[in-house]
Amino acid sequence: MIVGEQKSLEEILGLLGDAKKVLVAGCGTCVTVCFAGGEKEVGILSSALRMKSELDGHPIAVDEVTVQRQCEWEYIDPLKERLAEYDVVLSLACGIGVQAMNERFPNIITLPGINTTSLSLPVEQGVWEERCQACGDCVLGITFGICPIARCSKQLMNGPCGGSQNGVCEVDPSIPCAWQLIWDRANMFGQMERLLEVQPPKNWGQSRDGGPRKIVREDLRLTERE
């Protein structure tokens, strides 16, 4: 899931600038699960903005809305008619949702209310740990389901660094060494010899460094083809 953290009230007020009427827009999917931008968080932030702006002597009229997903046209299109009422939209969706709003409704600026941090797993209540960096060239099939790109601090492809000791990371001793986890998994399946095969340098050709990525499934498209 996409995980984010809400920006500070001070930063948000700075982004809003001289806006007099704001629509705070939440998203009902990922950021709801991580308690950063769902309907509840929209309500709390909206109240805080009203109170703080009133205390500062520059009251802001704040309205609230939450859609199922801000990253899909069909869910945000119903907002079109009401957007003309507002100076800005403050989105509590991930960065994809913020950009979707700006692309779909170019005549009004949509500002980010959260910082998108990672693709993470909820390992326990209130704790999310990064598990994927969407590198575009998945290696989980050769690392027994544990990602060295997201979970090794040095993104090593051929075993741990020399600083890994007692199963913990040299960079951050509070986290387990990813390669220790990989070795333990290989050992559990009796396939340690697979890890002795030297892997070539990581193929970063499918990563973000090559520019925005796109997947096109012609069999799923609804537009007419020539």
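The values are calculated or read from the model by the stated rules, or taken from the named source; none is laboratory data. Predicted, not measured: the structure shown is a model, and the values here were computed from it. So basically every Cβ, Gly included, is an ideal-geometry build from the backbone, and we count neighbours across all protein chains shown.
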Apart from one, (1) under 30 Å from Ile146 (Cα atoms); (2) more than 22 Å from the chain's Cα centre (by Cα); (3) among the polar types (S, T, N, Q) all hold for Ser120; the odd one out is (2)
Over the stretch 121-177, the set of residues in contact with a Leu (Cβ under 9 Å, 6 or more places away or on another chain) and farther than 25 Å from Ser207 by Cβ is Gly167
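Check Val88, Val42 and return the single one that is of a type in the set (Val, Ile, Thr) and within 29 Å of Val127 (Cα to Cα).
Working: Val88 fails: within 29 Å of Val127 (Cα to Cα).
Every option except Val42 fails the conditions.
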The lone condition Gln155 fails out of (1) touching a Lys or Arg at 6+ places or on another chain (Cβ under 6 Å); (2) part of a loop (DSSP other than H, G, I, E, B); (3) within 21 Å of Thr117 (Cβ to Cβ) is (1)
It is to be established whether one or more residues within the stretch 30-41 are surrounded by fewer than 20 Cβ atoms within 10 Å (Cβ to Cβ) and within 19 Å of Ile108 (Cβ to Cβ). no
- Message: Taking the criterion of being in the same structural domain as Val42 (by TED's automatic domain parsing), surrounded by fewer than 22 Cβ atoms within 10 Å (Cβ to Cβ) and closer than 19 Å to Leu15 by Cα, would at least one residue in the stretch 89-98 satisfy it?
- Response: yes
(Q) Condition (residue is within 29 Å of Glu5 (Cβ to Cβ), surrounded by 15 or more Cβ atoms within 10 Å (Cβ to Cβ) and not assigned by TED's automatic domain parsing to the domain that holds Thr32) applied to the stretch 196-203: is it met by at least one residue? (A) yes
Filtering the stretch 2-59 down to residues that are more than 25 Å from Glu130 (Cβ to Cβ), hydrophobic (A, V, I, L, M, F, W, C) and outside any helix (DSSP H, G or I) yields Ala19, Val22, Leu23, Val24, Ala25
Counting only residues in the stretch 60-77 that are assigned to a strand (DSSP E or B) and surrounded by fewer than 19 Cβ atoms within 10 Å (Cβ to Cβ), the one nearest to the chain's Cα centre (by Cα) is identified as Val65
